[in-house]
Amino acid sequence: MENVLQNITLFFVIITATFARGATPWNLEQLSSPPQVYPAPNFQAPGVRALFFEGLPWKGNPTRVFAWYGVPSNATAARVPAMVLVHGGGGTAFADWVRLWTARGYAAIALDTCGSMPSSPDSHQPRRHEFAGPPGWDASFDQIDWAENDQWTYHAIADIVLAHSLLRSFPEVD
């Protein structure tokens, strides 16, 4: 587990340094705008809301990112801090992870970065959907010769930034 945390920390240090010096392949102005939100039918779980938000085009086709969103019960009386929850390898968006953070007083959004969604609301087993972007993790090794903006790593980072922009747009989020 310690090795995983070190790798995640290194990943975010590299991303932060890249953004800080302005050398980025992403259109940060575009990613800073809240994405369009779509319903996620057939997904219901206590204390959270399922949704899709618009991702960047993949191979010229529109994409949508699956996410669970939740707010603590005190969010109606006061604005609350928020967390973007990013799963690890082989994972997906987890409703129970959002509930964990809402119980701590945070609004939270857990997104799937691999063009998938849970098989069922309480499942940790992902399955791809109709508007999926590039497949992630092991499949990303075969994408090295693809156009940069079609690769999973490009989309995963863009989706995380878009999730943050979406959170910032909600009136209950501080």
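The values are calculated or read from the model by the stated rules, or taken from the named source; none is laboratory data. Because the structure is predicted, anything quoted here is derived from the model rather than measured. A quick note on method: Cβ atoms are made from the backbone with ideal geometry, for glycine too, and the neighbour counts reach across all protein chains shown. We work out accessible area using only protein heavy atoms, side chains counted, and drop any ligands, DNA or RNA first. Shrake-Rupley method; radii C 1.70, N 1.55, O 1.52, S 1.80 Å.
Figures for the structure shown
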{"read-out": "Largest-first ordering by accessible area, 1.4 Å probe, given options R64, R79", "value": "R79, R64"}
{"read-out": "In Å², nearest 10: area of T153 left accessible to a 1.4 Å probe", "value": "70"}
{"read-out": "Relative contact order for segment 42-174, counting Cα pairs under 8 Å that sit 6 or more residues apart, in percent", "value": "27"}
{"read-out": "Residues whose placed amide H lies under 5 Å from that of V173, excluding near-sequence neighbours", "value": "V80"}
{"read-out": "Charge context of F53, other residues only, Cβ under 10 angstrom, K/R +1, D/E -1", "value": "-1"}
{"read-out": "Calculated from backbone phi, Karplus (6.51, -1.76, 1.60) coupling profile of segment 41-49 in Hz, x at Gly/Pro", "value": "x, 6, 10, 9, 8, x, x, 9, 10"}
